[in-house]
């Protein structure tokens with residue numbers, strides 16, 4: 001496990017993470033990029049549990065995602081299988097597990113206030129916390145994507161799945177965009193990455 005994880009998380013966090021993973025019934029697998037999730041947790045038959053994490057995440061997002069999924073496992077052990085996946089039991093477990101990692105030896109100083117704010121009430125995905133998501137993306141490999149908040153009104157853009165949209169107005173937090181083929185309106189978070197069409 002140590003050899004597998006050492007290339008994916010900050011080195012100083014490795015020993016703490018390995019302690020959290022000391023359970024014979026828990027397996028961690030690193031997967032190729034999945035567009036709809038950073039990681040997941042599931043109960044397997046015969047008392048086994050599995051966590052998967054995308055290999056393309058930067059080390060800070062990888063660590064947050066890994067602790068997020070470990071929190072599912074720990075909440076299941078502590079409270080049973082009838083709790084809500086991202087309910088209060090999971091939130092408290094996630095906060096408790098993440099707290100020792102929220103220090104400047106592991107995360108850059110400018111991320112710490114954003115993380116502290118996020119962990120007051122963690123959501124099902126850190127991507128819904130726009131400020132944190134944008135701050136974490138600065139550590140990603142460079143790409144040719146544009147954030148949705150940078151797309152001019154009336155411009156067209158494409159998603160990873162090939163669907164084409166026309167940029168509309170901003171609502172309170174999200175952007176209204178019309179799928180060109182169907183005319184259906186969708187709402188996008190400001191930090192969604194898209195490809196502009198000339």
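Counting the residues of segment 115-174 that are assigned to a strand (DSSP E or B) and either over 18 Å from the mean Cα position of the chain (by Cα) or modelled with pLDDT of 95 or more (or both) gives 11. For residue 31, are the conditions met, namely being within 18 Å of the chain's Cα centre (by Cα), surrounded by fewer than 18 Cβ atoms within 10 Å (Cβ to Cβ), assigned by TED's automatic domain parsing to the domain that holds residue 132 and at pLDDT below 95? So residue 31 does not fit the description; no. Quick one: would you say residue 53 is assigned to a helix (DSSP H, G or I), closer than 26 Å to residue 108 by Cα and at pLDDT 95 or above? The answer is no for residue 53.
Tell me yes or no: at least one residue of segment 178-189 is in contact (Cβ under 8 Å) with a residue 60 or more places away in the chain, crowded, with 16+ Cβ neighbours inside 10 Å, outside the structural domain of residue 34 (by TED's automatic domain parsing) and in a loop (DSSP other than H, G, I, E, B). Yes.
The values are calculated or read from the model by the stated rules, or taken from the named source; none is laboratory data. A quick note: this is a predicted structure, and the numbers were derived from the prediction, not measured. Cβ: placed from backbone, ideal geometry, glycine included. Neighbour counts: every protein chain shown.
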